[in-house]
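Following: one structure in structure tokens, then a few remarks.
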Amino acid sequence: MKIYNTLSRKLEEFKPIKKNEAGVYSCGPTVYWYQHIGNLRTYIFSDILRRVLEHNKFKVKQIMNVTDVGHLTSDADEGEDKMEKAAKKEGKKAKDIANYYLKIFKEDFKKLNIQSPTKWTKASEHIKEQIELIKKLEEKKFTYKTSDGIYFDTSKFPNYAKFAKLNIEKLEAGKRVEIREKKNKTDFALWKFSPKNEKRQQEWKSPWGIGFPGWHIECSAMSMKYLGENFDIHTGGEDHITIHHTNEIAQSEASTDKKFVNYWVHGAFLLSKGKKVSKSKGGLYTISELEELNYNPLDFRYLCLTTKYRVPLNFTLEALDSAKNSLEKIKNKIQELNDTSKGNIKKYQKEFLESINQDLNMPKALAVLQEVIKTNKLGGKEKLSLIKEFDKILALDLTKIKKEIIPKEIKELVKEREKARKKKKWELSDKLRNKINSLGYDVKDTKEGQKLKILK
Ligand code: AMP
Ligand code: ZN
């Protein structure tokens, strides 16, 4: 299978470190607030990646971090810790805040058919590993101390700018160039000291003083702990390329002298009215909000699959409506499939596999699905077996039918209509159909008799 690697800016054949295995680290949520559907687009993409790897017979070990400490409100290592800020605002313990939003996040995963990672790893439960990593960097002379923490000296890592193709000289006034006591504008905090006159909810002892780890070090420490110093794939949103992932590479490779990750795969943003939005700025719905508007979470999953993961997707309710209609149409057609066999499914299997293996081309995979539904070269039975196979990747519950209990009144009207049709009383039959329609159902006359359908 081929995948676009941010490291080389090229489409590359995926070659695992260990035969038939794939180690994947996916940057997870900062659990101080609800994840919006933009965040969730990124996790739908990593879920598809994982399903495609599994389809290609790789045994996947996926680690996802939960950032429950250390992510500051500003990328320049300033500002408040997002978790502590939320705890203060809501008058709760940081731990409770983290657990609450993580629970919601996991529920969203279920609703969207996103598989849970093999392991969730909380930053606050890996302080020891992060301290060890900082110690290693200190021994190798990559660190220095300021009045507010221990920093990584990016000038000592010659390839620092390479991954994101940064032009450091031109990095101008903006978030990350606040220098204060830093030696270089790109240096970043590995450990921050607790404020002198304030007791933080989450703080730990360290060789440098009481404090808490920086956000970037958590991902390096936890990914290397569970996947090894050099592992296969690291995923995240494209916003992480320039700072978070650049810093992860610098500190990991500086500490091990090894290549950190072989394939970096990034998902493009979900935009709101053409603009980037972050969780802190709001602007995008949550899944529960979409449910309140009567959408099924899988309508959103379908919408995500209509655009390639590397292409920004502009979110509108109109686009979601259209996704909902398409998915409904597909599901209705699947329900009407008959029980015949006549063709050869190999051609379609091949086309589907080629699509997903070409850098997760899901729009093309959906086109193959549509072709299968439409073609008269296949019987219903073959179509259904193909669709079930495809849905292992798409995960749109295509063959799951809502089992609604048909009211007795409707069943009786259908029976009456059957009798009328036998007696060729067409006018009565039509009247009964209208009545059935007015109650939210429809009947279709087939060779095997009347088929009842629920109207929406
Ligand atoms: P956070 O909880 O802010 O750390 O973000 C979690 C994940 O969502 C990260 O991988 C981000 O890159 C990603 N992300 C944030 N905003 C968006 C967006 N609008 N569209 C897609 N992904 C996003
Ligand atoms: Zn990360």
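The values are calculated or read from the model by the stated rules, or taken from the named source; none is laboratory data. Here the structure is a predicted model, which means the values were calculated and not measured. FYI the Cβ positions are ideal-geometry reconstructions off the backbone, even for glycines, and counts take in every protein chain you see. Side chains included, ligands, DNA and RNA excluded: accessible areas come from the protein's heavy atoms. Shrake-Rupley method; radii C 1.70, N 1.55, O 1.52, S 1.80 Å.
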Inset, instruction - Answer yes or no as to whether Glu253 is of a type in the set (Asp, Glu), open to solvent by 30 Å² or more (accessible area, probe 1.4 Å), within 16 Å of ligand 2 (Cβ to nearest atom) and modelled with pLDDT of 95 or more. - result: yes
Inset, instruction - Give me the pairs, please: first residue somewhere in the stretch 63-85 and in the same structural domain as Tyr100 (by TED's automatic domain parsing), second residue anywhere and acidic (Asp, Glu) and open to solvent by 10 Å² or more (accessible area, probe 1.4 Å), beta-carbon distance under 6 Å, and either six or more positions apart or on two chains. - result: Thr73/Glu80; Ala76/Glu178
Inset, instruction - Report yes if some residue within the stretch 34-55 is open to solvent by 10 Å² or more (accessible area, probe 1.4 Å), basic (Lys, Arg), under 17 Å from the mean Cα position of the chain (by Cα) and more than 20 Å from Pro312 (Cβ to Cβ); otherwise report no. - result: yes
Inset, instruction - With the condition kept exactly as written, say whether any residue in the stretch 256-268 is within 12 Å of ligand 2 (Cβ to nearest atom), buried (at least 23 other Cβ atoms within 10 Å of the Cβ) and of a type in the set (Gly, Ala, Ser). - result: no
Legend entry - Yes/no for Thr30 being of a type in the set (Val, Ile, Thr), within 16 Å of ligand 2 (Cβ to nearest atom) and crowded, with 23+ Cβ neighbours inside 10 Å: yes
Inset, instruction - Assess whether Lys205 counts as being over 19 Å from Glu132 (Cβ atoms) and not assigned by TED's automatic domain parsing to the domain that holds Ala22. - result: no
Legend entry - Breaking point among (1) open to solvent by less than 30 Å² (accessible area, probe 1.4 Å); (2) part of a strand (DSSP E or B), for Glu382: (2)
